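Q: The structure's right below; bear with me while I get my questions together.
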Amino acid sequence: MQKAKVRKVSTDTLTSNLPEERREQLCASLGNVELSLLYKASVHGYKASAFHQRCDRQGPTLVVAYNNSDYIFGGYTSVDYAQSGREISDEEAFLFSFKSGTSSYIKINSGYNARYDDAKWPNFGQQLYFCHNNQPVVYHQGGNAFNINTSSMYGNDTQLTECEVYKVEQEPEVSTEEKPWRNVLWTPERRAELMGLIKNHKPLMTSVSRVRILMIGPVGAGKSSFFNSINSIFMSRITSKAMSGSAGTSLTTQFRTYPVKDGCGGRLLPFVLCDTMGLEEQSGAGLDIEDISSILQGHVPDRYKFNPMAPFQHNERRVSRPASLQEKIHCVVYVIDATKISLMSDKLQEKLASIRRRVNLLSIPQIVLMTKVDEACPLVEEDLQSLYVSSYIKTKVQEVSSRLGVPVKNYSLQSGAGAGAQL
């Protein structure tokens with residue numbers, strides 16, 4: 001059975017301050033783990049509420065602080081932050097410090113609690129407090145849980161220049177299944193057959209000439225890139241009609257409808273891909289949930305510029321007549337980054353659940369598109385045809401099904417034409 005390590009990808013909207021050499025040291029000390037950046041004080045603010053919003057219930061975490069004296073120091077806990085108001089026993093907890101070429105680790109003393117789990121910033125042993133009183137400072141008070149020497153740990157320089165929190169995950173080993181968990185025929189003939197089915201598809205309703213497919217997903221999930229890929233396939237050349245790339249906020253700021261042609265100067269194909277602004281977990285940022293309903297019902301025109309602070313306002317003359325079936329959305333695709341499924345916050349998950357409820361009320365079919373599977377699994381990166389024998393990707397499919405409430409598992413395990421049509 002073939003096995004390989006999974007390469008995790010940190011949240012690409014945040015830039016880590018942790019030098020690669022120090023990252024490798026910490027990962028090795030924790031037993032070959034990967035670190036995913038959850039929180040960055042200079043970006044999210046030095047407020048305990050912001051820390052808990054992004055870091056609660058994330059499993060083992062690592063706090064990493066920086067000061068002007070060039071110390072990198074912090075602490076590890078294997079127990080979730082949950083604002084439980086309880087003393088936390090954690091024999092695996094430790095503190096660490098790096099300075100120039102030196103490093104030190106301080107294990108928790110036997111018989112002591114590792115921290116107090118409250119609504120404030122992280123503390124270790126109720127001795128060492130990071131971002132104390134919501135300020136960029138570290139505060140130390142007497143105690144016996146850890147043998148702390150503030151001079152050697154952070155040079156008695158209590159002013160922080162940055163504070164980061166990382167999710168700590170064991171590197172899972174990916175194995176190949178004895179049998180594919182989904183049957184796909186990877187041949188040029190099958191590809192040509194599928195493209196022919198798409199080109200010649202005719203909607204059941206004669207009043208609909210092209211199926212409108214709405215893509216919804218978090219910032220950076222790859223909605224616009226997916227359209228560019230589809231367009232490139234049918235144009236037989238690389239295209240970049242939709243703006244795509246990496247950024248902290250959505251590159252797509254308008255509602256766009258993209259028809260696809262069968263080659264240069266060819267006829268329009270029987271589907272239109274509709275692109276939206278990316279979802280963000282904060283209120284007043286990213287696509288407004290109310291805009292989704294307007295899009296689904298066919299009221300939002302092409303090139304409408306989204307306003308995260310205010311939903312779409314219906315034009316009275318336009319609303320005086322109901323939208324035609326051709327203007328409405330006929331299928332919703334949730335675009336999810338395979339490398340970030342485990343990092344999906346509760347707030348973002350709640351937004352997606354709210355959208356699903358609205359889509360369900362309109363009886364619109366829904367599917368999930370998982371992107372960046374090659375970045376999530378090295379087996380797939382080496383050979384795309386390993387996709388449906390990768391145990392790791394199979395677990396990601398099951399996880400996204402659970403988080404979104406979309407029965408991905410049911411149809412992903414089907415064989416034959418039904419499964420092939422999802423390629």
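Q: Counting other Cβ atoms within 10 Å, keep those with at most 11, restrict to DSSP loop, and tell me which GluC sites (Glu not before Pro) in the range 83-167 are left.
A: GLU91
Q: Could you give the length gained on full extension between LEU268 and TYR105, defined as 0.36 nm per residue of separation minus the Cα-Cα distance, in nm?
A: Numbers: separation 163, 0.36 × 163 = 58.68 nm, distance 6.36 nm.
Full-extension gain reported as 52.3 nm.
Q: Using square roots of five times the C-alpha gyration tensor eigenvalues, list the equivalent-ellipsoid semi-axes of the range 73-182 in whole Å, biggest first.
A: The three semi-axes for the range 73-182 are 31, 18, 15 Å.
Q: Working from the alpha-carbon coordinates of the range 3-170, get Rg over Rh, Rh being the Kirkwood radius. Don't jump to the answer; show the numbers that get you there.
A: Working: Rg = 14.8 Å, Rh = 15.9 Å.
Here the Rg-to-Rh quotient is 0.93.
Q: Which value, in Å to one decimal place, does the Kirkwood hydrodynamic radius take for the range 18-75 when every pair of different Cα atoms is included?
A: 12.7 Å
Q: From the backbone phi of the range 72-89, what are the Karplus-calculated ³J(HN,Hα) couplings (6.51 cos²θ - 1.76 cosθ + 1.60, θ = phi - 60°) in whole Hz, Gly and Pro given as x?
A: Couplings: 10, 8, x, x, 10, 9, 8, 10, 3, 7, 9, 6, 7, x, 10, 6, 10, 8 Hz.
Q: A further question follows. Pick out, in residue order, every one of the trypsin sites (Lys or Arg not before Pro) in the range 29-63 that is DSSP loop and has at most 15 other C-beta atoms within 10 Å; say none if there are none.
A: Those satisfying the criteria are LYS47, ARG57.
Q: Taking 0.36 nm per residue of separation and subtracting the Cα-Cα distance, what length does fully extending GLU290 through GLU24 add?
A: Once the chain is fully extended between GLU290 and GLU24, it gains 91.3 nm.
Q: Which of the trypsin sites (Lys or Arg not before Pro) found in the range 80-116 are loop residues per DSSP with 14 or fewer other Cβ atoms within 10 Å of their Cβ?
A: Listed in order of number, the matching sites amount to none.
Read-outs: derived from the displayed coordinates by stated rules, not from any lab. In this text the structure is predicted, and so the values were computed from the model without any measurement. All Cβ positions, glycine included, derive from the backbone under ideal geometry; neighbour counts span all protein chains shown.
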